Amino acid sequence: GAVVSQHPSWVICKSGTSVKIECRSLDFQATTMFWYRQFPKQSLMLMATSNEGSKATYEQGVEKDKFLINHASLTLSTLTVTSAHPEDSSFYICSAPSGIQETQYFGPGTRLLVL
Amino acid sequence: AQTVTQSQPEMSVQEAETVTLSCTYDTSESDYYLFWYKQPPSRQMILVIRQEAYKQQNATENRFSVNFQKAAKSFSLKISDSQLGDAAMYFCAYRSPNWGTASKLTFGTGTRLQVTL
């Protein structure tokens, strides 16, 4: 299957700082990528749809100014958590569709801890 | 909007036995896709099986098979000959057809599967 990577796998930062998470499709191109947030023992919550060369589409309730998404190339999307606070601590996962049926493949996730 | 319901928060199965995980969904669309994803303790989401709604035949992948009942809007996952490595969180997911742009997944709340010796 297709491979999606994320970097970093975990990050600890101080409150008020910004953190950038990268999502890469390694062996395919993706004009669209998806960003999810997952709290412990809960399901994945879609945050936004990242579109190559255009603005991201955010889900209701997700602050676009806080969670900046940039999809600068066909293999890279970035999520920047700006002015992070402890409540932003979570597990962030990206996915990208691949193949004729555009099945979504997921990155390994990034664990963010804001102190 | 589509919804996906997994009514079993936790399930347990003995090694080598068979277990069935339930999933129901609600949609007004006639064409769509259904998926089962597995999330082990590593938290990497892994595709287990995929079903296209227009196909009457139930999908099968080795020890994993589905019972797709379109009229009942039911999509259960059967795991045969359960192995310790099957222990994970299992998510059922729904996706609309792609119309020019990739469609997002709608996930259920998940079922935690425990495999015992």
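In Å, the Kirkwood hydrodynamic radius of chain A over pairs of distinct alpha carbons? Please list the in-between numbers first.
Working: mean 1/r = 0.0713 Å⁻¹.
Evaluated over chain A, this radius sits at 14.0 Å.
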In nm, the gap between the two label points placed 7 Å beyond Cα toward Cβ at B:Ser80 and A:Met45 is 4.0
Carbon/sulfur accessible area of chain A, % of total, 1.4 Å probe, equals 53
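Would you mind getting me the FRET efficiency between A:Leu26 and B:Ala72? Use the beta-carbon distance for r and R0 = 35 Å, nearest 0.05.
Numbers: r = 39 Å, r/R0 = 1.12.
Efficiency, from the Cβ-Cβ distance: 0.35.
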Here Rg/Rh (Cα, Kirkwood) for region B:1-66 equals 0.97
extent check for region A:72-115: Cα max minus min per principal axis, descending, whole Å, gives 43, 20, 12
For B:Lys73, counting only lysines whose alpha-carbon sits under 18 Å away and dropping same-chain residues fewer than eight positions off, the answer is B:Lys55
Computed about the Cα centre, the charge dipole of the protein assembly as shown from +1 Lys/Arg and -1 Asp/Glu charges at the Cβ has a magnitude in debye, to the nearest 20, of 260
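Only Cα pairs under 8 Å and at least 6 apart count here; give the relative contact order of region B:30-117 as a rounded whole percent.
Values: 163 pairs, mean separation 24.9, N = 88.
That works out to 28 percent.
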Across region A:3-105, qualifying lysine pairs (alpha carbons under 17 Å, at least 8 places apart or different chains) come out at 5
Per 5 angstrom bin, beginning at 0 and ending with the bin that holds the maximum distance, the Cα pairs of chain B fall in percents of 2, 12, 23, 25, 19, 11, 5, 2, 0, 0
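Rank-order A:104-110, B:76-82, B:38-44 by packing density, defined as the average count of other C-beta atoms within 10 Å over each peptide's residues, highest first.
Highest-to-lowest ranking by the protection proxy: A:104-110, B:76-82, B:38-44.
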Output row A,B: buried area (accessible, probe 1.4 Å, summed both chains) in Å², nearest hundred, equals 1900
Candidate cut points under trypsin sites (Lys or Arg not before Pro) in region A:1-110, DSSP loop plus at most 10 other Cβ atoms within 10 Å of their own Cβ, are A:Lys14, A:Lys41
Per 5 angstrom bin, beginning at 0 and ending with the bin that holds the maximum distance, the Cα pairs of the protein assembly as shown fall in percents of 1, 7, 14, 18, 18, 16, 12, 8, 4, 1, 0
Cα pairs beyond 14 Å in region A:29-88, in percent, come to 55
Projected onto the charge dipole of chain B (unit charges on the beta-carbon of Lys, Arg, Asp and Glu, signs +1, +1, -1, -1), the Cα from B:Ser80, B:Ile49, B:Leu105 with the largest positive-side position is that of B:Leu105
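The values are calculated or read from the model by the stated rules, or taken from the named source; none is laboratory data. Quick caveat, the model's predicted, so the values are computed rather than measured. Here the Cβ is made from the backbone with ideal geometry for all residues, glycine too, and neighbour counts use every protein chain on show. Surface accessibility is based on the protein's heavy atoms, side chains included, excluding ligands, DNA and RNA. Shrake-Rupley method; radii C 1.70, N 1.55, O 1.52, S 1.80 Å.
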